[in-house]
Structures are given as structure tokens and as C-alpha cells.
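The values are calculated or read from the model by the stated rules, or taken from the named source; none is laboratory data. Just so we're clear, the structure is a prediction, and the values are computed from it rather than from any experiment. Cβ coordinates were reconstructed from backbone atoms using ideal geometry, including for glycine residues, and neighbour counts include every protein chain displayed. Only protein heavy atoms, including side chains, enter the accessible area calculation; ligands, DNA and RNA are left aside. Shrake-Rupley method; radii C 1.70, N 1.55, O 1.52, S 1.80 Å.
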Amino acid sequence: MTSLLFGAAGFILLGYLIGKLYVRLNPVLMLIGLFPLLGVWIIVSELENRNFATVFFVIGIILNFNRPLTFIRMRLSDVIETVRLRKLSSAYASNIEEQKRQAQRELYEQKRQVEEELRNQKYQAEQDIQRQRREAEETIKREAENLRKERERYKREQSNNQNQANSKRSSSSQSSSNNRYLNPLVFADACEILGLGQGESLKQYKAAYLKLMKLYHSDRLAGLSEKLKKQEEEKAKALNMAWGTVKKELK
């Protein structure tokens, strides 16, 4: 019994001493520790109770580690923490991927909204341009119609003025043809040349004289032939003589 106790104690001490080389997991010390391990293996293999010696030798190695259960628990905790970190990393990566997909969806939605807004603005701008074009065309048509009416009115006025001038010239021609047989130096004939009868005031004779002289103004005679111009000048001369006779008589 005593020999077993001493043997157990010896193998525990031997395992404890060799285990010192493996505590820090130093590769050099672990390589050195292989030699004593080999020697112990040779010794143990020659013993009859080799299992008994192996058990206590392993116990001696384990004693080098402070609180073996705590060591095992720490290693298990490290493994569990590693697994948890991997799960968290995977969840974080999944969350990042989900956020990325969400950001892509939001970006696509914003892009779609912007494109829709641009299409609406383009359509509205085209409608405004078409409306402005229609309004401009209508304004141009109205202006063209007004211009046409103005031209027609101007032509009518010119025609009326021409007709009036022709009628006045015709009447003056008739009166002058009659005046050809009247003597502008005689008071009665002079009054008739001026288109008035006897007994009128000097002011009335003067107004009639000025009105008739306008028909023989040089601007009105500019487009006439030489023959007609000479006839008109003779009529104007007769009017001047008639007016002189009336003015001399009524002074």
C-alpha cells in the first residue's frame, strides 16, 4: 500500500514537472518536453501497473493548470462568445444587406417620382406652348382681319374723296363754263361767279371766294395736263377778278 502511495505521488510529481513545460504553450519548451515524455513512456511501458502510473502522471500534468474546471469553462466561454460574435456578425451583415436593399428601393422610388414629375412638367410645358401658340395665331388672325378692314376702309375713303373731288371739279367746271359768259368786272356777274346772289355781306363773299380758290390750289393741279392746268388757272384768275369787283363795290 505504501509503495502504491509513493508511486502515485512520484508519478504526480513527475507529471507536474513535465507539465510545467506545456503551461505557456511555448513551442521551444514543448519540443524540449518531448524528451522527458518519451523517457516516462518507456518507463511506464515496462511497469505492470502501467494504467495506474499513466493516470497519476496525467493528473500531475493537469495540476499545472490553475483550476482545470475554470480553464475548461473559460475555453467553453470563448467558444460560445466566438459563436455569438459570428452570429452577430452574420446578423449585422444581413442587416447591412437589408438596409442596402431598402436604400436601393428608396432610391428607385425617388428616381421614379422625379421622372414622373419631369414628365408632368414637360407635358405641362408642351400644353402651355401649344396654348400660347394658339393665342398668338388667333391674335395674328385678328390683326390681319383688322388690317384688311382698315385697308378696305382706307380704299373706300380714297374712293369717296376721289368721287367728291371729281364732283367738285365737275361742278366747278360747270360753273366755270357758265362763268365764261359772265363779266367778273360787273358786280352782278361777279356775285354769280362766287356762287352767291346780290345783297350778301362782304364776309360771306369772302368765305365763298376762299372755298372756291381751294379747288384751284397748285397741289390739286399737279397731276393735270397742261391744257387742263391752263383752264383751271383761267378760272382762278376769273375768281380773283370777281372777288376784287365785289370787295371794291362793298367797301
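Within segment 31-49, residues that are at negative phi and at pLDDT 75 or above have Cβ atoms under 9 Å from residues that are open to solvent by 90 Å² or more (accessible area, probe 1.4 Å) and among the hydrophobic types (A, V, I, L, M, F, W, C) in these pairs: PRO36/LEU17, counting only partners at least 6 apart in sequence or on another chain.
Yes/no per residue for (1) of a type in the set (S, T, N, Q); (2) open to solvent by less than 80 Å² (accessible area, probe 1.4 Å); (3) closer than 13 Å to ALA242 by Cα:
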{"residue": "VAL186", "(1), (2), (3)": "no, yes, yes"}
{"residue": "ASP189", "(1), (2), (3)": "no, yes, yes"}
{"residue": "ILE193", "(1), (2), (3)": "no, yes, yes"}
{"residue": "LEU196", "(1), (2), (3)": "no, yes, yes"}
{"residue": "SER201", "(1), (2), (3)": "yes, yes, no"}
{"residue": "TYR205", "(1), (2), (3)": "no, yes, yes"}
{"residue": "LYS214", "(1), (2), (3)": "no, no, no"}
{"residue": "ASP219", "(1), (2), (3)": "no, no, no"}
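Here the condition is being at pLDDT 75 or above and polar (S, T, N, Q); of THR70, THR54, it holds for THR54 alone. Does VAL114 fit the bill of being modelled with pLDDT of 80 or more and either open to solvent by 80 Å² or more (accessible area, probe 1.4 Å) or among the hydroxyl-bearing types (Ser, Thr, Tyr) (or both)? The answer is yes for VAL114.
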